[in-house]
Each structure stands twice: as structure tokens, then as C-alpha cells.
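Quick notes on the structure that follows.
The values are calculated or read from the model by the stated rules, or taken from the named source; none is laboratory data. The shown structure was predicted, so the numbers you read here are calculated from the model rather than taken from an experiment. So basically every Cβ, Gly included, is an ideal-geometry build from the backbone, and we count neighbours across all protein chains shown. For the accessible areas, the whole protein counts, side chains as well, though only heavy atoms, and no ligand, DNA or RNA atoms are used. Shrake-Rupley method; radii C 1.70, N 1.55, O 1.52, S 1.80 Å.
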Amino acid sequence: MSEVVKMSMRKAYGEALVELGRENKKIVALEADLGKSTMSNMFGAEFPERYFQMGIAEANMISAAAGLALTGHIAFASTFAVFASGRPYDQIRSSVAIARLNVKICGSSAGLSDFGDGKTHQSVDDIAIMSVLPNMSVLSPADYWETKKMVKAMADIQGPCYIRVSRADAPVITDESDEFIFGKVRQMRDGKDAVVYATGFMVYQALEAAKKLEQEGIDVRVINVNTIKPLDTDGIIAAAKGMKAAVTVEEASIIGGMGSAVCDTLIAGPSETRIKTLKMGIIDRFGTSAQKYEELLAEYNLTPDDIVKKVKEALK
Amino acid sequence: MKYSESEIHELKKIAATLRGDLIEMIPPGKVGHLGGSSSIMDVVAALYFKHMKVFKDPKDPKRDRCIFSKGHSVLAQYAAFVELGYVSHDDLHKVKTLDGTLQGHPDMDHTPGIEAVTGSLGQGLSVSLGMALGLRLDGSDSRVFCVVGDGEMNEGQIWEAAMAGAAYKADNLVAIIDFNGVQATDVSEKVMPVGQVGEKWKSFGWNVIEIDGHNMIEILDALDAAKACKGKPTAIIAHTVKGKGFTFAEGKAAYHNAALTESEYKEAQELVKKMKEDA
């Protein structure tokens, strides 16, 4: 087995903020007493005058970020994904999204990655509730390098963005030199039997599953859906061409997430890519506490072995 | 006296004109937020036509900003925008229509002069605080005025912003509370008593000034005092009458968002005429 290198996506977030801060004086950042966890405090250490500690008051943080954007700043507001999406939902909707402001929201410790803290702190719904907002872009990086490049790209994307960052040290599966293209899916591995659309940490799981399937003679294409919205519908359809079946996998509710968007796309597309598609994700359930992240991934059927099973089921 | 009699007279006349514009937006049968728009109208006249830095170009970077956190009362701002030339008189007749520029709640994309999207109550003061911090960061001396409803103080986010405004010593931020005592369904004391409002803001660390929100001299003096206050934001608690000027509607929750009858509309026009004469 080859050595897996793991790197912190949170650190990538903090480092990217600092780099942005050096390049552009208009970058500001806000936190809600979780900057140590999101690592936005790295920005605060270098640019204290552009860093706003808003206390445990997410609603105020988001609306104040809107105000900063209205004076020409690019405002990055960070906290845990549950407190960055559902909790200040109406502030994001009214103060930010309707006005299409340059507010960049980081939902950190996303999915099940905050394994110990349990259901109140694990975001199963953030992809769905951010995706439903008009004008909102939704990004979901797979590893350290992708996080870094996405955060940098967010500063250039006009309007509001949401990025979902895992708390886990994720296996590095992209290269520093790889280009991140906003709004384009990325093929991580080619195959000719089935396609797996994955996002976030699940891209690594899908690649591991593909290795296992290869040993059984099943050749899987793995697509990294790193921009969930706007969805690269052409890319989604192109990736399904010639495939017998598809599987989607995300560390989030299967309702209204990436998988739903992929299914919507395939079903509305040409008949040749209207293939059997099975969704994997969190099945209409909240999170729960565990001792390890891996335990939770097993509990919620999001391991490489689970993906192997699902691909075989789809190919049946 | 800092302001001459003629200046005060002029502002009173403007306030009467603005109340006339307000009535124009809600002809008989058309529902509109008469009550909260007229209670804040004297403050609006003082802000846009005396105190604030206002330019021909509504986007001039040197301008002061006025945000209606109580967005439903935006008709008061629309009236000011007509007189400032930001929108036309014709626009008034198309308020809340598909092809109009004047939305039911403040929308910066639609209406020149509107600074943000507000109306979902409780958010505007936080937005205003963000603007105040952004302006200060840029070294601008522009100031931010946020109109907050007294009923809006039911929203917890107002107090989040109050806390943060004081923490950041945002002395370029002024909250003006339209204390008309009546909310959508009833008097505020019955809906949700807010208690000692002045004491609350003071305890959060704000400079607090209480005034009669229909007394032009008191309004102007309060705004000047807010400007002079350094190191903390100011809350001006403007005691007002909901529906001010339209006697049939004064102090009544029923006119929070209502359509006037033909006879009420005529009466309102007469009242505006008299306001202009008495100014």
C-alpha cells in the first residue's frame, strides 16, 4: 500500500486567507469565537485591523459581513458549518444573497468531521440549504490543495459563496500544480463501467473504492464535483457517457444535495446518459457522537467498501 | 440657536411635502405601510435635507448612508428620493408593481438611494455596523444612520449588533429608534414590552439621546450631539406617533399596513395641504 499523506483542510483555509490578505487590502474576515478551529485566526494574527471577532453571534456576523461588502470589501465569514448555514440562514438570504454581495461563507468542521461533538455540531443539511438560495455558489473541496485554490478563487467570484471545509486531515489526492476551475467538475480517474460522482472527503473514499473494484474487474470513473453550484451540467452528462450506471456519494443528506443535483441533470439530459443512478449520503438522519471520524463514516455507510457495494448494486 | 427659524420652517415644509408624496404612493384601495412611514418622516426630512452628506449621485462615495432596518417603512425614503431626484414622481405611482423601481421593501438593486437589502427585521443594524466598520477601515469620514423600529427591538439580533457596535466603538454609527409604540397587530406594550429602552442601550455601552421625534429642533440637535460623541455609537430614541399627521390613523395598529378608503384619502390630502400651510 502506498503511503497516504494527510493535510489539514482547515489549515489550507487559514493559509489561503492570509495569502489573499497580502494580495488584496479589501479582504476582511469575521469570526464567531471559533477562529481557532476554522483557522481564520491566522488572518487575524497578520491583519488585526481587518479581522473582526463578532462573538458568539452568527446572525450579526453575517449581516455585518454584508455591510462590509457594501463598502467594497470582500468579507470572509467563518464558523462551523451548522452555524454558518442553518443558524444564520435568513441573514444569508436577506442581507447577503438577495443583494448578491461579496460575502464568502466558510462552513468549517463540515459533515461528520466534528465526530465527537455529535448531532448539534455535525452538518448534514448545509449543502441543501445553501444550494437552494438563488445567487449562492456552493463549493466543496476534496483536500488541502483544492481548499487552498478554492478559497483563493472565491475572492474573484462575484457574489456570495459558501465553502464547506472538513475538520479532518484529508488524504492529499490533488497536486499543488493542478488547476481548480470554478464551475467545472474534475475527473480524478477514468473508467469504462460505472461513474462515481463524489464531493469533499468522499472523493478519496471513491478513489479507494475504485482501486478495490479494479481488483474485481470493475472499471470506475471518479468525478470530483467540487463546485456543487453552479453545477457543471455538461460535465456531469459527459462523464456519464458510455457508462452502465452511476453512483453519487456525499457526506451530507441525500435530500437536496449534490446527488440530487446530479440526478436532476442526468434525467433531463440525453437518453444515452439517463443511466441507473444510486445516491449515497446521510439517509435523512442527524449525526451522532463517536470516538473517531472513521467510526462515523462506517456508521453512515460512507466507507470505500460501502461504495464498492453500491457500485455493484447499480451495475446489477 | 444653532438653526435659524427659516431653516426649521423649510424642513417642516419638506416634511409636509414628503407626507404628501407618501399619500400619493397609496391611493385608495392600495395597501401600504402608512403608520410607520409617517412616524419617521420628520427624522427623514432632517437626515436627507439637512444633516447627512447627500449628493446628486446617490452612489457618491463621500455620502453618508441611511439604512432602514425597519424596511417596511421604506415609503418614507422613497418620498425623500423623489424630492432628491433619485426617482421620478411617476415612480411613486408604480410602487410595488412588476415594472416599478420601488419595491415593497428596500432593495438596492432596484432603487437608487437604497443602500442594502433590508426588511427581514433585525438585520439592518448589523448591516449598518458592517458598513460603519468598512468605512472606518477605508479612512472615510462618512457616517451611517440606521432607522430601527421599536417593535423591531423584539428581534435578538438587534442586541447582538448593539453589543458589537459598542465593542468596536463605532462612533460613525447612529441608530434612530422610531419609538411609535405600535406594532403590526397591537400596541408594543401588549405585543412584547421592551422595558426601559434608554437604559438598555446605555447598558450596552451606547450614547443615548431621547427626543420628541416630531420636533425638528430636537431631531437636529440630537443628530449633532451624535456626531460630536466619540468612542461609542449613539442611539437616538425618537418618541413618535404612528401615522403622524394623519389624524384618523394616529396611534392605530390598523394603519400599520392598510388601504385607505376614498374619504380617508381625501382627508389625508386635506391634512397634507394644511401641514404645508402651517409649516
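Only residues that are among the basic types (K, R) and over 20 Å from the mean Cα position of the chain (by Cα) were counted across the range A:75-102, and they come to 1. Which of the residues that make up the range B:108-136 are aliphatic (A, V, I, L, M), within 7 Å of chain A (Cβ to nearest Cβ) and surrounded by 24 or more Cβ atoms within 10 Å (Cβ to Cβ)? If the condition is that a residue be aliphatic (A, V, I, L, M), within 7 Å of chain A (Cβ to nearest Cβ) and surrounded by 24 or more Cβ atoms within 10 Å (Cβ to Cβ), then B:A116, B:V117, B:V127, B:L129, B:M131, B:L133, B:L135 are the ones that fit. If we scan the range A:65-81, do we find a residue that is touching a strand residue (DSSP E or B) at 6+ places or on another chain (Cβ under 6 Å), outside the structural domain of A:G200 (by TED's automatic domain parsing) and surrounded by fewer than 24 Cβ atoms within 10 Å (Cβ to Cβ)? Yes, that holds for at least one residue. Scanning the range A:116-126 turns up at least one residue that is out of contact with any strand residue (DSSP E or B) (no Cβ under 8 Å at 6 or more places or on another chain), open to solvent by 10 Å² or more (accessible area, probe 1.4 Å), away from chain B (no Cβ under 14 Å) and hydroxyl-bearing (S, T, Y). When the test is whether a residue is in the same structural domain as A:I74 (by TED's automatic domain parsing) and open to solvent by less than 10 Å² (accessible area, probe 1.4 Å), A:V18 does not pass it.
Within the bounds of the range B:148-159, is there any residue that is within 12 Å of another protein chain (Cβ to nearest Cβ), touching a helix residue (DSSP H, G or I) at 6+ places or on another chain (Cβ under 9 Å), crowded, with 24+ Cβ neighbours inside 10 Å and assigned to a loop (DSSP other than H, G, I, E, B)? The answer is no; no qualifying residue exists. Across the range A:221-259, the qualifying residues are those that are hydroxyl-bearing (S, T, Y) and without any contact (Cβ under 8 Å) to a residue 60 or more places away in the chain, and the one among them that is most open to solvent (accessible area, probe 1.4 Å) is A:T233. The strands (runs of 3 or more DSSP E) falling completely within the range A:5-84 that include 1 or more residues that are within 8 Å of another protein chain (Cβ to nearest Cβ) and aliphatic (A, V, I, L, M) map to A:27-31, A:74-80. Residues that are under 20 Å from B:F179 (Cβ atoms) and either of a type in the set (K, R) or open to solvent by 30 Å² or more (accessible area, probe 1.4 Å) (or both) within the range B:50-71 comprise just one, B:K70. Within the span defined as the range B:246-254, one or more residues are open to solvent by 70 Å² or more (accessible area, probe 1.4 Å), over 15 Å from the mean Cα position of the chain (by Cα) and under 22 Å from B:S120 (Cα atoms). Restricting to the range B:160-171, and then to whatever is part of a loop (DSSP other than H, G, I, E, B) and touching a residue at least 60 places away in the same chain (Cβ under 8 Å), can you tell me which residue is surrounded by the most Cβ atoms within 10 Å (Cβ to Cβ)? Restricting to residues being part of a loop (DSSP other than H, G, I, E, B) and touching a residue at least 60 places away in the same chain (Cβ under 8 Å), the top hit is B:A170.
Residue count for the range A:103-140, restricted to those that are among the hydroxyl-bearing types (S, T, Y) and more than 17 Å from A:A170 (Cα to Cα): 4.
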